[in-house]
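*Asks:* Have a look at the structure that comes next, please.
The values are calculated or read from the model by the stated rules, or taken from the named source; none is laboratory data. Note that the coordinates shown come from a computational prediction; the quantities given were computed from them, not determined experimentally. With ideal geometry, Cβ positions are generated from the backbone for all residues, glycine too; neighbour counts draw on all protein chains shown. Keep in mind that these areas ignore ligands, DNA and RNA; they rest on the heavy atoms of the full protein, side chains included. Shrake-Rupley method; radii C 1.70, N 1.55, O 1.52, S 1.80 Å.
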Amino acid sequence: MRKPIIAGNWKMNGSRSSIKELLHGLKAGIGEVKSAEVAVCAPSIYLADVSEQLTGTAIGFGGQNLSTAAKGAFTGEISADMLLDFKCEYVIVGHSERRSLYGETDQLVAEKFEVARKAGLKPILCIGETLEERESGITNDVCSRQLNAVIEHSGIAALADGVIAYEPVWAIGTGKTATPEQAQETHAAIRKLLSDKDASVAEKVRIQYGGSMNAANAAELLAMADIDGGLIGGASLVAKDFLTICKAAG
Ligand code: PGA
């Protein structure tokens, strides 16, 4: 049985005081979450606050991006060791916003995945198709291409302990969720692609759904056989909604 994992992706939202309040709410309610693993991915400038408030609790945390470089003249970047210095467990890599707004290629994402994993962070690898790609019927090709870049770089075994987040780009922040059947179909295709290479990795790896998952639709998405959790943007900024999603995961 794969343990479900719900992760909040706060993106570039919040302030020291709103985050304090959000974490206060999450800590108060986390005891009601029975079995799901729960984490939040914060803007890096707030990781010190988050680390201070969450270390020793049942809520994990991580960053939203990292550099491939270990240190040096890379203005504005954050290294894996810096994330680890604040006790981060996770880091999101290859979010569609990084890919589309900051030009991150499959190759760069694969390098980030490897740097994170090697350092001991758990990468949450985001993949997913745009609306145009879905309408052209190439959803599975896009997901395969994005995944294969990582597999070629790190080997299939490297995925076993990571997390894949399938996020159809057209569903992110749009309020337009994939139907449970649509999501399940792609999750199953992703798992099949992996199982053709290594059945035990395919069985083990957790595949989150992301894209307008919220308190109202989480249960039906999470009930699908190959959906092992969620990567939550907007709804992770409201403690009550995020906790409802976490509880729906188990
Ligand atoms: P959303 O974002 O839940 O606001 O759609 C999800 C994500 O981008 O990870």
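*Asks:* For each pair in LYS118/LYS240; LYS3/LYS87; LYS27/LYS122; LYS27/LYS176; LYS11/LYS176; LYS27/LYS87, compute the distance between the two Cα atoms and list the pairs where it is over 26 Å. List each step's numbers first, then the result.
*Replies:* On the way: LYS118/LYS240 35 Å; LYS3/LYS87 22 Å; LYS27/LYS122 22 Å; LYS27/LYS176 29 Å; LYS11/LYS176 19 Å; LYS27/LYS87 18 Å.
As for pairs spanning more than 26 Å Cα to Cα, those are LYS118/LYS240; LYS27/LYS176.
*Asks:* Would you work out which of ILE227, SER136, VAL40 lies farthest towards the positive end of the dipole of the chain? Charges go on Cβ: Lys and Arg +1, Asp and Glu -1.
*Replies:* Towards the positive end, the residue furthest out is VAL40.
*Asks:* With a 1.4 Å probe and all protein chains in place, put PHE242, PHE86 in order of accessible area, largest first. Don't jump to the answer; show the numbers that get you there.
*Replies:* On the way: PHE242 0, PHE86 85 Å².
Result, largest first: PHE86, PHE242.
*Asks:* On to the next question. Can you give me the three principal axis dimensions of the chain from its C-alpha atoms, in Å, biggest first?
*Replies:* 45, 45, 33
*Asks:* What net charge is computed for the residues neighbouring LYS71, neighbours being all others with C-beta under 10 Å from the C-beta of LYS71, Lys and Arg scored +1, Asp and Glu -1? Before the final figure, lay out each step's value.
*Replies:* Details: positive: none; negative: GLU77, ASP81.
Spelling it out: positives minus negatives among the neighbours equals -2.
*Asks:* Can you find, among TRP10, PHE86, GLY62, the residue sitting farthest towards the positive end of the charge dipole of the chain, where Lys and Arg contribute +1 and Asp and Glu -1 at Cβ?
*Replies:* PHE86
*Asks:* Follow-up. Give the accessible area for SER100 in Å² (nearest 10); use a 1.4 Å probe, count only protein heavy atoms, and leave out ligands, DNA and RNA.
*Replies:* 90
*Asks:* Right, here's the next one. Return one whole number: the accessible area per residue of segment 206-250 in Å², for a 1.4 Å probe. Please report the intermediate quantities before stating the final value.
*Replies:* Values: 1440 Å² over 45 residues.
Result: 32 Å² of accessible area for each residue.
*Asks:* So, with a 1.4 angstrom probe, what is the percent of accessible area on segment 26-94 that is carbon and sulfur? Can you show the working numbers first?
*Replies:* Values: 1770 of 3310 Å².
The computed percentage sits at 53.
*Asks:* Please work out the Kirkwood hydrodynamic radius for segment 13-85, using every pair of different C-alpha atoms, and report it in angstroms with one decimal place. Don't jump to the answer; show the numbers that get you there.
*Replies:* Values: mean 1/r = 0.0744 Å⁻¹.
Here the Kirkwood hydrodynamic radius works out to 13.4 Å.
*Asks:* Another question, then. Could you size up the charge dipole of segment 98-170 around its Cα centre, putting +1 on the beta carbon of Lys and Arg and -1 on that of Asp and Glu, and report it in debye to the nearest 20?
*Replies:* Details: 8 positive and 12 negative charges, 74 e Å.
The dipole magnitude comes to about 360 debye.
*Asks:* Mind checking the per residue accessible area of segment 24-147 for me, 1.4 Å probe, whole number of Å²? Don't skip to the answer; put the middle values down first.
*Replies:* Values: 5970 Å² over 124 residues.
Roughly 48 Å² per residue, with all protein chains present.
*Asks:* Separate question: With every protein chain kept in the model, how would you rank MET82, MET213 by accessible area, 1.4 Å probe, largest at the top? Don't skip to the end; give the middle numbers.
*Replies:* Values: MET82 95, MET213 10 Å².
Solvent-accessible surface, decreasing: MET82, MET213.
*Asks:* Rounded to a whole number, what % of the accessible area of segment 132-196 do carbon and sulfur atoms account for, probe 1.4 Å? The partial results should precede the final answer.
*Replies:* Values: 1370 of 2850 Å².
C and S fraction of accessible area: 48 percent.
*Asks:* Note down the net charge around GLY128, summing +1 for each Lys or Arg and -1 for each Asp or Glu among other residues with Cβ under 11 Å from its Cβ. Let's see the in-between values first.
*Replies:* On the way: positive: ARG99, ARG134; negative: GLU129, GLU133, GLU167.
Here the charged neighbours net out to -1.
*Asks:* Which length gain, in nm to one decimal place, applies between SER195 and ARG2 when the Cα-Cα distance is subtracted from 0.36 nm times their residue separation?
*Replies:* Numbers: separation 193, 0.36 × 193 = 69.48 nm, distance 1.53 nm.
Between SER195 and ARG2, full extension yields 68.0 nm more.
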